[in-house]
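Notes to accompany the following structure.
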Amino acid sequence: MFLLFNHSFYSQTFEEVQRFKLKAARQAVAVDDEFFYVINNSSITKHDKQTGQELHRWDGEDLGVSHLNSGIVIDGLLYCANSNYPESPMAGSIEIFDAKTLQHHSNHSFGIGIGSPTWVDQKDGFWYVGFAHYSGDKSSENKDTRWSQIVKFDKQWRRVEAYIFPKSILEKFMPMSNSGGAWVDDKLYVTGHDNFEVYVLKLPQIGFTMHHVRTLNVPFFGQGFTKDSSTSQTTLFGIIKKANEVVVARMK
């Protein structure tokens, strides 16, 4: 527990550099060189990165899409984690869109059995997906937050490895779970659901539990976030759900 109060543990913070008030900002945000994409339960809107002006919209409510969680843009495609939360048993998929037009492109279904997919990212040719479980009245399949995990897949979505969260992070997540994740260099940044914090993790060299490196203060409220790879400075896009705001933050 000493690390939680060690000054170096909180030695880096993010400062806000821009904020957009957008009605649809409820779940997550993705970003590329020129645009950002606001992801809501059953809709996606594409916005100009400088002004916030809405340019395109996709609505999947009539298609049965009810809980898009987060997304990332890779090579012109927007990959979104999708689940059936709060239904049980948990099921999920990755829904893929053309980032230029927001037309639905394809999908990969996980079915049931792992948990609720909340975020997706790619590193060194592998996919990483966060799968959530929840505690209390939101629990499913007799499992709680401790069953949350990160699964590594190859390019054909074949499971390669999986990792669990350390107790210090699970305590921060409860009673919810891991809502967002993104690779920043060789470290994995993750968020819970309710705290203005990002938790920096490293994959284990021994065993199966990720290592909690440090906690960073951020000016956004958990949920799905993303790294802006178009700048050399470490810049994150996140949301404040209760205020319907997209927040851009840069590491000091």
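For a quick check of your reading of the model, give me the residue pairs whose first member lies in the range 92-108 and is under 15 Å from residue 120 (Cα atoms), whose second is open to solvent by 10 Å² or more (accessible area, probe 1.4 Å) and charged (D, E, K, R), with beta-carbon atoms closer than 7 Å and at least 6 apart or on different chains.
Short answer, once both residue conditions are applied: 107/95.
Sort out which residues of the range 194-207 are under 18 Å from the mean Cα position of the chain (by Cα) and open to solvent by 40 Å² or more (accessible area, probe 1.4 Å), and write them in order of number.
Result: 194, 195, 196, 202, 203.
Given the residues 61, 54, which is the only one that is under 22 Å from residue 223 (Cα atoms), modelled with pLDDT of 95 or more, of a type in the set (Asp, Glu) and open to solvent by 70 Å² or more (accessible area, probe 1.4 Å)?
Of 61, 54, the one residue that is under 22 Å from residue 223 (Cα atoms), modelled with pLDDT of 95 or more, of a type in the set (Asp, Glu) and open to solvent by 70 Å² or more (accessible area, probe 1.4 Å) is 54.
Go through the range 73-113 and give me each residue that's part of a loop (DSSP other than H, G, I, E, B), open to solvent by 40 Å² or more (accessible area, probe 1.4 Å) and either touching a helix residue (DSSP H, G or I) at 6+ places or on another chain (Cβ under 7 Å) or over 20 Å from residue 182 (Cβ atoms) (or both).
Hits for the range 73-113 are 85, 86, 87, 88, 89, 100, 101, 103, 113.
Test residue 235 against the criterion of being at pLDDT 95 or above and open to solvent by less than 50 Å² (accessible area, probe 1.4 Å), and give yes or no.
In short, yes.
Could you give every pair whose Cβ atoms fall below 9 Å, whose first residue belongs to the range 235-252 and is at positive phi, and whose second residue is in a strand (DSSP E or B) and open to solvent by 10 Å² or more (accessible area, probe 1.4 Å), counting only separations of at least 6 or pairs across chains?
If the second residue must be in a strand (DSSP E or B) and open to solvent by 10 Å² or more (accessible area, probe 1.4 Å), the pairs left are 244/21.
In the range 12-51, which residues are aromatic (Phe, Trp, Tyr), under 20 Å from residue 118 (Cα atoms) and at pLDDT below 95?
none
Can you list residue pairs whose Cβ atoms sit under 8 Å apart, with the first residue in the range 172-191 being open to solvent by 10 Å² or more (accessible area, probe 1.4 Å) and the second being outside any strand (DSSP E or B) and of a type in the set (Lys, Arg)? Count only pairs 6 or more apart in sequence or on different chains.
Hits for this filter: 175/138; 176/138.
Would you check if there is a residue in the range 61-72 being assigned to a strand (DSSP E or B), among the β-branched types (Val, Ile, Thr), in contact with an Asp or Glu (Cβ under 8 Å, 6 or more places away or on another chain) and closer than 18 Å to residue 228 by Cβ?
For the range 61-72, residues assigned to a strand (DSSP E or B), among the β-branched types (Val, Ile, Thr), in contact with an Asp or Glu (Cβ under 8 Å, 6 or more places away or on another chain) and closer than 18 Å to residue 228 by Cβ: present.
Pick from the range 135-152 the residues that are outside any strand (DSSP E or B) and small (Gly, Ala, Ser): which of them is surrounded by the most Cβ atoms within 10 Å (Cβ to Cβ)?
My answer is 148.
Please go through the range 208-232 and give me each residue that is open to solvent by 50 Å² or more (accessible area, probe 1.4 Å) and either among the β-branched types (Val, Ile, Thr) or in a loop (DSSP other than H, G, I, E, B) (or both), ordered by number.
Once the filter is applied, which keeps residues that are open to solvent by 50 Å² or more (accessible area, probe 1.4 Å) and either among the β-branched types (Val, Ile, Thr) or in a loop (DSSP other than H, G, I, E, B) (or both), the range 208-232 yields 208, 209, 229, 230, 232.
The values are calculated or read from the model by the stated rules, or taken from the named source; none is laboratory data. These numbers come from a predicted model, not from an experiment. Note that we place each Cβ from the backbone using ideal geometry, even for glycine, and neighbour counts take in every protein chain shown. Just the protein is used for accessible areas: all its heavy atoms, side chains included, with ligands, DNA and RNA removed. Shrake-Rupley method; radii C 1.70, N 1.55, O 1.52, S 1.80 Å.
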